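A.B. asks: The structure that follows is given in the form of structure tokens.
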Amino acid sequence: MQHFIVGVDEAGRGPLAGPVAVGVVLVPVRYNLKKNFPGLDDSKKLSAKVREELFGLLKEKAAKDEVRFCVRFSSNEMIDRIGITRAVRRAVWSGVRTLAPEPKNVRVFLDGLLLAPPEYSQETVIHGDSLIPAISLASIAAKVSRDRLMCRLAKKYPAYGFELHKGYGTKAHYQALKKCGVCEIHRKTFCK
């Protein structure tokens, strides 16, 4: 019977706009992520170019069924309605249950303070995105997917510069908020 590792990480917990993204990656226990994804590391330590290259490689390997992954989003409306912690949890649980519907033979590794559904064997690792390759890959999937979405949304809401700051609270973003007010994708509870 084959055993699997699941890595989980999120991107976009702190921005003023857009969804939070949760990346989930499933690999066989003996699959060597470091060998198959050269340069793999925490998404925050990699350039956008390297993240894009590794995400492309992830999609290629998923197409060959070597690995499986998904990215789940919780919208700004969901964040405003139930809070960021519960919105992230919903995305984590959805992603884990999608990739590993049977909890047997699966060990879930999560970054920071994230938790998987209680029926799964799991371990939360502080700085896991640097220490556990499956979490590193999940962090890249979440970050690239969210960044791409924010660049698409920038075309719909050009006054805010989302393509530059991805919704984070930069000086330019605060200036745009002061001038234009909030738009549909802002987290109203974060912009007070």
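The values are calculated or read from the model by the stated rules, or taken from the named source; none is laboratory data. These numbers come from a predicted model, not from an experiment. We place every Cβ from the backbone using ideal geometry, glycine too, and count neighbours over all the protein chains shown.
A.B. asks: For segment 120-130, name all the residues that are surrounded by fewer than 12 Cβ atoms within 10 Å (Cβ to Cβ), in a loop (DSSP other than H, G, I, E, B) and on the phi < 0 side of the Ramachandran plot.
C.D. replies: 126
A.B. asks: Give just the number: which of (1) part of a helix (DSSP H, G or I); (2) touching a residue at least 12 places away in the same chain (Cβ under 8 Å); (3) out of contact with any Phe, Trp or Tyr (no Cβ under 7 Å at 6 or more places or on another chain); (4) within 17 Å of residue 146 (Cβ to Cβ) does residue 97 not satisfy?
C.D. replies: So residue 97 meets the others, but not (4).
A.B. asks: If I filter segment 131-185 down to residues being farther than 20 Å from residue 69 by Cβ and polar (S, T, N, Q), which single residue comes out as surrounded by the fewest Cβ atoms within 10 Å (Cβ to Cβ)?
C.D. replies: The extreme case among them is 175.
A.B. asks: Then there's this: Taking segment 57-66, which residues are over 16 Å from the mean Cα position of the chain (by Cα) and touching a residue at least 12 places away in the same chain (Cβ under 8 Å)? Steps first, please.
C.D. replies: The first filter runs over segment 57-66 and keeps only residues over 16 Å from the mean Cα position of the chain (by Cα), leaving 57, 60-66.
Those that are over 16 Å from the mean Cα position of the chain (by Cα) and touching a residue at least 12 places away in the same chain (Cβ under 8 Å): 57, 61, 66.
A.B. asks: Taking the conditions exactly as written (assigned to a loop (DSSP other than H, G, I, E, B) and either in contact (Cβ under 8 Å) with a residue 60 or more places away in the chain or charged (D, E, K, R) (or both)), does residue 141 satisfy them or not?
C.D. replies: no
A.B. asks: Can you name every residue in segment 152-192 that is touching a residue at least 60 places away in the same chain (Cβ under 8 Å), within 21 Å of the chain's Cα centre (by Cα) and not in a helix (DSSP H, G or I)?
C.D. replies: 166, 167, 168, 169, 185, 186, 187
A.B. asks: Go through segment 153-192 and report how many residues are in contact with an Asp or Glu (Cβ under 6 Å, 6 or more places away or on another chain) and acidic (Asp, Glu).
C.D. replies: So the answer is 0.
A.B. asks: Here's something else I'd like to know. Tell me which residues, restricted to segment 1-50, are in a strand (DSSP E or B) and of a type in the set (Asp, Glu).
C.D. replies: 9, 10
A.B. asks: Which one of these is modelled with pLDDT of 95 or more, under 15 Å from the mean Cα position of the chain (by Cα), surrounded by fewer than 23 Cβ atoms within 10 Å (Cβ to Cβ) and part of a strand (DSSP E or B): 73, 109, 69?
C.D. replies: The match here is 73.
A.B. asks: Does residue 154 qualify as being within 17 Å of residue 21 (Cβ to Cβ), in contact with a Phe, Trp or Tyr (Cβ under 6 Å, 6 or more places away or on another chain) and of a type in the set (Gly, Ala, Ser)? Give the steps one after another, and end with the answer.
C.D. replies: Details: within 17 Å of residue 21 (Cβ to Cβ): yes; in contact with a Phe, Trp or Tyr (Cβ under 6 Å, 6 or more places away or on another chain): yes; of a type in the set (Gly, Ala, Ser): yes.
Here the answer is yes, as residue 154 does meet what is asked.
A.B. asks: Still on this structure, I have one more. Of everything in segment 27-66, what is surrounded by fewer than 16 Cβ atoms within 10 Å (Cβ to Cβ) and in contact with a Phe, Trp or Tyr (Cβ under 9 Å, 6 or more places away or on another chain)? Give them in sequence order.
C.D. replies: 28, 29, 59, 66
A.B. asks: In addition: From the list 14, 7, which one is closer than 28 Å to residue 174 by Cβ, at pLDDT 95 or above and not aliphatic (A, V, I, L, M)?
C.D. replies: When all the criteria are applied, what remains is 14.
A.B. asks: Could I ask something else about it? Considering 116, 91, which residue is in contact with a strand residue (DSSP E or B) (Cβ under 6 Å, 6 or more places away or on another chain) and in a loop (DSSP other than H, G, I, E, B)?
C.D. replies: Exactly one residue qualifies, and that residue is 116.
A.B. asks: Another question, if that's okay. May I ask you to list pairs of residues, at least six apart or on different chains, whose Cβ atoms are under 7 Å apart, with the first in segment 39-56 being within 18 Å of residue 134 (Cβ to Cβ) and the second being assigned to a helix (DSSP H, G or I) and polar (S, T, N, Q)?
C.D. replies: 40/136; 41/130; 41/136; 42/130; 42/136; 42/139; 43/139; 51/43
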